[in-house]
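Report on one structure; see the data block that follows.
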Amino acid sequence: MDSNQDIFHISRRQFVTSAAAVLATGGFAREAEAITASFGEPSAQAKPDSVTDRGPFRVIIDTDPGVDDSFALLLAMRSPELKIEAITPVAGNVPLDLTLPNALRLVEIAGRTDIPVAAGARAPLMRRLVTASYAHGENGLGGAVFPEPTTKPVSTPASELIRQIVRKYPGEVTLIPIGPLTNIATALNSDPELASMVRAVVMMGGSLSGGNITPAAEFNVYVDPEAARIVFQSGIPITMVGLDVTRKVTLTDEHVRLLEATQNPAGQAAAKIGRNAINHNREHGYLVGPNMHDSLAVAGFLDPSILKLQDYYVDVETTGELTAGETLGYSPIAGDLRRRPGMEKDATNMPIRGSAPTLASIKTSPVLRDKFVPNTRVAVEVDPSKFFNLLIGRLSGNK
Ligand code: RIB
Ligand code: CA
């Protein structure tokens, strides 16, 4: 998508601090043994436990509201299976000065001001912020206008609140990032033991079948590839709900009509945002309504039967001039999701390896892996009708 990218200047201090943090913590150093261990036992991530048989599940939702984030947050706040310990806005779709008040508006609309909201990062770890206001409207809600929130965020910064909550409930908290991963990576960088205490990460982000902001990269990973790599290399059991499936769940006029018929404020707000977003897309020449990227990640956690997951080793391109933010997946089992129908089936996928060495270096790939050590369960198929039944049903108060 062309984008009227907003480039925000970050201060030198911010740049140096975040760069040093990334390099100093060896966040990339956590390797196969941690990953194998997390896959060595039935982990929450193997089948994010069906919440209907256990729960409530403690979760933290990290978000950049955002049209589809709004649907995800409203769904989560109307789902009794989730104990939302915090909502942590981050800069992404629009700057933090908008994602923070948008998150506060949504907890007020949903009647959930019991949930602490903590302000997160204003910029990626090592890059200038690129936003997606071309897709989410200047205010981040598709242009839908709601009153200024009266609720205030907590004073604790997002990454510190994430750290405190995970340490308070070791092994119980699932992180659900649905925006750039800056807050999550900052929390992991601040406390080297933290990754071992996180139950799982269920993220909207990445793609093994091409990008949406560049041919290679999905937006959340594109904005902060370094943060994404820290998360993928952390050893935490990860479920990646990427464009491979989220492209298949597009909001339609019919969905909005169902929401407009509801009486509850959350459904009404979703209808207003959805209507504005569909109109925005039409005015800007998009053929379809907004994709429900983020609420699919939440719904897939609520009901794992909505998604089919497949083990992959996933890594992130962080240095490409044209490909930074690309997520590459290797799975000798599943093959390459890039194959379009009718293309030759590869016997196996290619192991991930670094680029050819330049004359200035003799090493080939610092990331070559010659054996399959999965670090992520990638969503490869989705049941769209089951998803929308859950999403619209919950938002319209019928479920
Ligand atoms: O690529 C889709 C993702 O980018 C979604 O999280 C959407 O909200 C945007 O942040
Ligand atoms: Ca988002």
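The values are calculated or read from the model by the stated rules, or taken from the named source; none is laboratory data. The model shown is predicted, which means the values in this text are computed figures rather than measured ones. When we count neighbours, we look across all protein chains shown, and the Cβ atoms used for this are built from the backbone with ideal geometry, even at glycine. These area figures cover heavy atoms from the full protein model, side chains too; ligands, DNA and RNA do not enter into them. Shrake-Rupley method; radii C 1.70, N 1.55, O 1.52, S 1.80 Å.
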Just list whichever of Lys83/Lys308; Lys168/Lys386; Lys83/Lys386 have alpha carbons separated by over 31 Å in the model shown. Lys168/Lys386
For Met350, what accessible surface area do you get with a 1.4 Å probe? Give it in Å², rounded to 10. 120
Along the Cα→Cβ direction, 7 angstrom out, place labels at Gln164 and Arg353. What is the inter-label distance in nm? 4.9
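What is the local net charge at Pro225, summed over the other residues whose Cβ is closer than 11 Å to its Cβ (Lys, Arg +1; Asp, Glu -1)? Could you put the intermediate results ahead of the total?
On the way: positive: Arg127, Arg229; negative: Glu218, Asp224, Glu226, Asp315, Glu317, Glu326.
That sum, taken over residues with Cβ under 11 Å, equals -4.
How do 233-242, 103-112 rank on mean C-beta neighbours within 10 Å, highest first? The partial results should precede the final answer.
On the way: 233-242: 26.0, 103-112: 21.8.
Per-residue mean Cβ counts within 10 Å order the peptides as 233-242, 103-112.
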If amide H atoms are modeled at 1.01 Å from N in the peptide plane, then the residues at a separation of 5 or more from Arg58, or on another chain, having amide H under 5 Å from its own are Lys83, Thr174
